[in-house]
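Engineer: Structure below; questions to follow.
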Amino acid sequence: MQSFRQSERSQLVRIPVDQVLIEGMLELPAKPSGLVLFAHGSGSSRHSPRNNFVARVLRDAGFGTLLMDLLTPQEDQVYPMRFDITLLTRRLLLTSHWVKDHLHTAHLPIGYFGASTGAAAALRAAAAMGDRVRAVVSRGGRPDLAGQAELMAVRAPTLLLVGGLDTQVIDLNQAAYALLSCTKKLSIVPGATHLFEEAGTLEQVASQAAAWFGQHLED
């Protein structure tokens, strides 16, 4: 079991899943009120500047974050594996169980932040976890890839964030939103494209995500 020294608040962790080790950066503020697990999109990684920006805002709001790669570097070179939602979901679930066994995170309520295809894995995992996942946020996600039955089974309050110029993904999110029976919100960020690269748009994503987790994740 890996541990923090008293002065440390961040640690590179290696999580055993499917006979491989996936790497993640676990970072905790002084008194975290919850832990948000990040599921990245296809072709992205835990080094994603967009997700790292959101993670910093969440830590400033009092939440711990775990940004991890659900695929090894070798697996990520196999293009179809990036879209294997079943595989990504299983690994997110195994990571969630690892978190619940980790000395410094076992007591923390869990939330998921998913981007692109990672949002589908986050929602499918939330459906499987039931009340053990408190909240889900999707950024520019593909929740439709989670599957209709899985979307209908999600109980965690879910926020879908979509760029206002990302018209195709708006349609897919609206269809997924209609299937969700949990507490839910679809928020369209004006002037944003799929990656939220436009000035001020990623800040809106981070602010809304922090507010959503603040409302639904904290005990």
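Engineer: Do we find a residue being of a type in the set (A, V, I, L, M, F, W, C), buried (at least 24 other Cβ atoms within 10 Å of the Cβ) and under 14 Å from the mean Cα position of the chain (by Cα) anywhere in region 167-176?
Structural biologist: No, the conditions are met nowhere in region 167-176.
Engineer: With respect to residue 142, is the statement that it is within 24 Å of residue 88 (Cα to Cα), at pLDDT below 95 and basic (Lys, Arg) true?
Structural biologist: It is true that residue 142 is within 24 Å of residue 88 (Cα to Cα), at pLDDT below 95 and basic (Lys, Arg).
Engineer: Kindly indicate which of 170, 188 is part of a helix (DSSP H, G or I) and among the β-branched types (Val, Ile, Thr).
Structural biologist: Residue meeting the stated conditions: 170.
Engineer: Would a scan of region 158-175 turn up a residue that is at pLDDT 95 or above, farther than 20 Å from residue 51 by Cα and touching a helix residue (DSSP H, G or I) at 6+ places or on another chain (Cβ under 8 Å)?
Structural biologist: Looking for residues that are at pLDDT 95 or above, farther than 20 Å from residue 51 by Cα and touching a helix residue (DSSP H, G or I) at 6+ places or on another chain (Cβ under 8 Å), one finds at least one in region 158-175, hence yes.
Engineer: Oh, and also: Give the number of residues within region 140-161 that are outside any loop (DSSP other than H, G, I, E, B) and of a type outside the set (S, T, N, Q).
Structural biologist: Looking only at that region, the number is 12.
Engineer: Considering only residues that are under 12 Å from residue 163 (Cα atoms) and touching a Leu at 6+ places or on another chain (Cβ under 7 Å), which ones fall in region 189-219?
Structural biologist: 189, 191, 192, 193, 196, 205
Engineer: Right, residue 87: assigned to a helix (DSSP H, G or I), on the phi < 0 side of the Ramachandran plot and within 15 Å of the chain's Cα centre (by Cα) or not?
Structural biologist: Criteria not met by residue 87.
Engineer: So which pairs qualify, if the first residue must be in region 113-140 and under 10 Å from residue 38 (Cα atoms) and touching a residue at least 40 places away in the same chain (Cβ under 8 Å), the second must be of a type in the set (Lys, Arg) and in a helix (DSSP H, G or I), the Cβ gap must be under 9 Å, and the two must be at least 6 apart or on different chains?
Structural biologist: 115/50
Engineer: Pick out the one residue from 217, 186, 180 that is surrounded by 17 or more Cβ atoms within 10 Å (Cβ to Cβ), touching a residue at least 40 places away in the same chain (Cβ under 8 Å) and not hydroxyl-bearing (Ser, Thr, Tyr).
Structural biologist: 217
Engineer: Could you go through region 104-112 and let me know if any residue there is crowded, with 23+ Cβ neighbours inside 10 Å, outside any helix (DSSP H, G or I) and not aliphatic (A, V, I, L, M).
Structural biologist: The answer is yes, given that some residue of region 104-112 is crowded, with 23+ Cβ neighbours inside 10 Å, outside any helix (DSSP H, G or I) and not aliphatic (A, V, I, L, M).
Engineer: Follow-up question, since we're still on this one. Is it fair to say residue 126 is aliphatic (A, V, I, L, M), closer than 14 Å to residue 212 by Cβ, part of a helix (DSSP H, G or I) and modelled with pLDDT of 95 or more?
Structural biologist: The answer is yes for residue 126.
Engineer: Here is a further query. State whether the residues of region 189-207 include one that is of a type in the set (S, T, N, Q) and closer than 15 Å to residue 114 by Cβ.
Structural biologist: Within region 189-207 (the criterion being of a type in the set (S, T, N, Q) and closer than 15 Å to residue 114 by Cβ), the answer is no, since none of the residues qualifies.
Engineer: Residue 79 passes all but one of (1) buried (at least 16 other Cβ atoms within 10 Å of the Cβ); (2) free of Cβ contacts under 8 Å to residues at least 12 places away in the same chain; which number fails?
Structural biologist: It is condition (1) that residue 79 fails.
The values are calculated or read from the model by the stated rules, or taken from the named source; none is laboratory data. Fair warning: this is a prediction, and the values are worked out from it, not measured in the lab. Cβ sites come from the backbone with ideal geometry, for glycine too, and all protein chains shown count toward neighbours.
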